[in-house]
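The values are calculated or read from the model by the stated rules, or taken from the named source; none is laboratory data. All values reported here derive from a predicted model rather than from experimental measurement. Note that each Cβ is placed from the backbone with ideal geometry, even for glycine, and that neighbours are counted across all protein chains shown.
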Amino acid sequence: MKKKYLLSIIALSVATACQAASYTDPMGPSQMDQGGVGLLQTPVARMAKDGEFSLNYRDDDQYRFYSANLQLLPWLEATIRYTDVRTRKYSSDPNFSGSQTNKDKGIDVKMRLWEEGYWLPEVAVGIRDFGGTGLFDSEFFAANKAWGPFDFSLGLGFGYLGNSGNVSNPFCELKDSYCQRPKTYNSAGSFNLGDAFHGPASVFGGVEYQTPWQPLRLKLEYEGNDYKNDFAGRLKQSSPVNVGAVYRIGKWTDLNLSYERGNTLMFGVTMRTNFNDLTQQHRDSEKPAYAPNPQSDMLQHQVVAQQLTDINSNAGFASPHIQAKDRTLYLTGEQSKYRDGQEGVDRANRILVNNLPENIDTLKVTETRQNLPLVTTETDVKSLQDTLSGYPLGHEQPLKQRRTEPDVPEKAEQGYYIDHSRFDLGWAPVLNQSFGGPESFYMYQIGVEGSAGYWLTDHWNTSGTLFGNVYNNYNKFNFTSPPSDSQLPRVRTRIREYVQNDVYISNLQTTYIDRLGDGWYGQLYGGYLEMMYGGVGGEVLYRPLDSNWAVGLDGNYVKQRDWDNMMQFADYKVATGNLTGYWQPQFIDGLLVKASVGRYLAKDKGVTFDVSRRFESGVTAGVFATFTNVSAEQYGEGSFNKGFYLSIPLDLLTVTHNRTRAQLNWIPLTRDGGQMVGRKYYLYGLTEERSPAVE
């Protein structure tokens, strides 16, 4: 009787739970130990919400895992990871790395094959640790099916995930070579895909349960790894079943605790955010109210003077210029305040239309960047006045406004402007940092950078940047010798010798930059172009207005700067350049694909692919890889050049609007192949306003 009563209670509890919200509400999928959506040691098919970014830390007796996970696309997840192997030293030579424990870098990706349906589970395929030494290299297929608050997962793993070999590798039926997987570790930074889906295979799976208490989630899994060949040493596994819990604090912090292998306690924390949802409340003046005060046919000096002041302070246009010609009023200026250029145009139009000469029927607002005219927004005055006045209910009309090629009259009947200084002066704090070095996991340099520039004409600028070191831990550097495994000229691997200079000119150049015609822009430059190189070069870009494609060509002749005396040059010189195509596919919001073909600093030739995604907050995340005619043996450790980057608009951190951005780069290993010369100005970035307008 008691047994029946107990079963009835359990059945009632499960039935009640299944009426609750599904597992995705409110917490959404959670992170696994090594980073990426999963249970504890095993991945699942689920994806985080588009744009979600997680920083993860996990700790047990053998490993510390530091990882960053990004849902780059709704169906594509990417993870970068550092693993601290606590049982091994970085090097057998204490003079090289002291007592530092071994550090390993890894890259994971997971792609969803299809979403969950009424009958079908959600299915994904993934590759883990394919961009490192391969300590945890694995491939897997995973499937998930939700039932109320329960989310069940089942997967088939190869490599690290399949070490126990509890099932036969199905690919062995296709080819015998799939039955074996080398047990050697790869060189750091290489992409080791040749052994994918080889060797032993294992089934893994588990369940994640969202408890009625919303902050708490429970996990249970069966894993396919037996830990007999771990890099940390042969680890005892008392049980292949792991259990754990996730407790959410607030909205974006998860505390994780688990008991794994039947004998090991794992704990950690996850900090999460979403690049699509990041917002900031800004202090800003209200948009000008519509208060028409028509003027005579001529621009009135005092009225225009006030308009120029308001356009600068309220609409964010630096150095605005107002001109009148025929029946059109022109405004030209550089948007220095709002990332959304349309906001500045709307404010400027209100300011202009409030005190408009009676003979004006068209407004043309032209946005510039570095004195380059980029796009003109043409607005019909009558339509704007009717829109601001308000249409009768049921008689609303769309505003007659369109974007055109820049239209700035060379000569006008009247013209007024705010005089701008041709001399620019500024300074900024600088933090240079790197992770995973042999002497110390974290290397840093704090400095101050001062810059000055002078516009000789509207298109000819001379500028320079001086860097001064304040504090660093570069005294830990204990070698600057050339890589023993590379046959390439040392075009980048002398970085340690450059950065140990306390004061140096990082840039000193003269630049001529201009619009060459509809959609065409060009620049010529010469001087110290970057910290390591000086020389001359040029770039031309064709970018049709509101087009999702563009093409550019740059060419440079440069010499290497002397790392001991950066005011002099070393012997090395090279001609380098690239043909670059840009594409913004319309079927994925914010995606930019770039491909550059050309010659690099080490005189190698090849192609660079760069794929980035700009999220709704303005944060941009990207990845790049360069493949050249240099073999992996010639290139040395790393095999080819690759990296990740984040570009963050700083107005997400400030209470005032601004267009400043900060960039964080992660390059697993700096080598000499596939390296481009740096430039102060990139025409594609300068002409961003020509991108298709966001709907």
Among residues of the stretch 49-72, those that are farther than 16 Å from residue 253 by Cα and of a type in the set (D, E, K, R), counted
5
Condition first: in contact with a strand residue (DSSP E or B) (Cβ under 8 Å, 6 or more places away or on another chain), of a type outside the set (Asp, Glu) and closer than 20 Å to residue 317 by Cβ. Can you find one or more residues in the stretch 385-393 that meet it?
no
Reported set for the stretch 592-610 where residues are hydrophobic (A, V, I, L, M, F, W, C) and surrounded by fewer than 18 Cβ atoms within 10 Å (Cβ to Cβ) is 593, 595, 597, 607, 609
Being within 29 Å of residue 461 (Cβ to Cβ), of a type outside the set (S, T, N, Q) and not in a strand (DSSP E or B) is true for just one of 603, 680. Which residue is that?
680
The lone condition residue 324 fails out of (1) in contact (Cβ under 8 Å) with a residue 40 or more places away in the chain; (2) more than 17 Å from residue 378 (Cα to Cα) is (2)
Residue 87 - would you say it is among the polar types (S, T, N, Q) and within 24 Å of the chain's Cα centre (by Cα)?
no
List the number of the failed condition for residue 191; all other conditions in (1) of a type outside the set (Gly, Ala, Ser); (2) modelled with pLDDT under 95; (3) surrounded by 21 or more Cβ atoms within 10 Å (Cβ to Cβ) hold.
(3)
Residue 285 being assigned to a loop (DSSP other than H, G, I, E, B) and either free of Cβ contacts under 8 Å to residues at least 12 places away in the same chain or out of contact with any Lys or Arg (no Cβ under 7 Å at 6 or more places or on another chain) (or both)
yes
Just one listed residue, out of 488, 524, is in contact with a strand residue (DSSP E or B) (Cβ under 7 Å, 6 or more places away or on another chain), outside the structural domain of residue 95 (by TED's automatic domain parsing) and either touching a residue at least 12 places away in the same chain (Cβ under 8 Å) or not in a strand (DSSP E or B) (or both), and it is 524
Does residue 622 fit the bill of being part of a loop (DSSP other than H, G, I, E, B), of a type outside the set (A, V, I, L, M, F, W, C) and within 14 Å of the chain's Cα centre (by Cα)?
no
So which residues in the stretch 259-269 are within 15 Å of residue 64 (Cβ to Cβ) and either modelled with pLDDT under 95 or surrounded by 17 or more Cβ atoms within 10 Å (Cβ to Cβ) (or both), if there are any at all?
260, 264, 266, 268
From (1) outside any strand (DSSP E or B); (2) free of Cβ contacts under 8 Å to residues at least 60 places away in the same chain; (3) not β-branched (Val, Ile, Thr), pick out the condition that doesn't hold for residue 516.
(1)
Looking at the structure I just gave you, is residue 659 more than 23 Å from residue 442 (Cα to Cα), in contact (Cβ under 8 Å) with a residue 12 or more places away in the chain and not aliphatic (A, V, I, L, M)?
yes
So which residues in the stretch 394-420 are under 21 Å from residue 318 (Cβ atoms), assigned to a loop (DSSP other than H, G, I, E, B) and in contact with a Ser or Thr (Cβ under 9 Å, 6 or more places away or on another chain), if there are any at all?
406, 407, 408, 409, 418, 419, 420
Can you tell me which residue is farthest from residue 182 (Cα to Cα) among those in the stretch 142-159 that are in a strand (DSSP E or B) and in contact with a helix residue (DSSP H, G or I) (Cβ under 9 Å, 6 or more places away or on another chain)?
147
Taking residue 613 as the residue in question, decide whether it is buried (at least 18 other Cβ atoms within 10 Å of the Cβ) and either among the small types (Gly, Ala, Ser) or in a loop (DSSP other than H, G, I, E, B) (or both).
no
Long-range neighbours under 6 Å by Cβ, at least six apart or interchain, first residue touching a residue at least 24 places away in the same chain (Cβ under 8 Å) within the stretch 39-63, second in a loop (DSSP other than H, G, I, E, B) and of a type in the set (Phe, Trp, Tyr):
51/275; 51/615; 53/275
Name the pairs whose Cβ atoms lie under 9 Å apart, with the first residue in the stretch 422-444 and on the phi > 0 side of the Ramachandran plot, the second acidic (Asp, Glu), and 6 or more positions between them or separate chains?
436/104
Answer yes if at least one residue in the stretch 681-689 is surrounded by fewer than 21 Cβ atoms within 10 Å (Cβ to Cβ), under 30 Å from residue 483 (Cα atoms) and in contact (Cβ under 8 Å) with a residue 24 or more places away in the chain, and no otherwise.
no
What about residue 439, is it acidic (Asp, Glu) and part of a loop (DSSP other than H, G, I, E, B)?
yes
Does the stretch 558-575 contain any residue that is of a type in the set (S, T, N, Q) and within 25 Å of the chain's Cα centre (by Cα)?
no
Filtered residues of the stretch 370-388 (kept if within 18 Å of residue 343 (Cα to Cα), touching a helix residue (DSSP H, G or I) at 6+ places or on another chain (Cβ under 8 Å) and buried (at least 19 other Cβ atoms within 10 Å of the Cβ))
374, 375, 377, 379, 381, 384
Only one of 315, 291 is modelled with pLDDT of 95 or more, over 30 Å from residue 257 (Cα atoms) and assigned to a loop (DSSP other than H, G, I, E, B); which?
315
Among the numbered criteria (1) crowded, with 16+ Cβ neighbours inside 10 Å; (2) closer than 25 Å to residue 513 by Cα, which single criterion is violated by residue 360?
(2)
Can you name the number of the only condition in (1) farther than 19 Å from residue 494 by Cβ; (2) modelled with pLDDT under 95; (3) over 22 Å from the mean Cα position of the chain (by Cα) that residue 554 fails?
(2)
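Residue by residue, here is whether (1) within 22 Å of residue 410 (Cα to Cα); (2) surrounded by 14 or more Cβ atoms within 10 Å (Cβ to Cβ); (3) aliphatic (A, V, I, L, M); (4) not assigned by TED's automatic domain parsing to the domain that holds residue 546 holds:
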{"residue": "282", "(1), (2), (3), (4)": "no, no, no, yes"}
{"residue": "287", "(1), (2), (3), (4)": "no, no, no, yes"}
{"residue": "294", "(1), (2), (3), (4)": "no, no, no, yes"}
{"residue": "318", "(1), (2), (3), (4)": "yes, yes, yes, yes"}
{"residue": "331", "(1), (2), (3), (4)": "yes, yes, yes, yes"}
{"residue": "337", "(1), (2), (3), (4)": "no, yes, no, yes"}
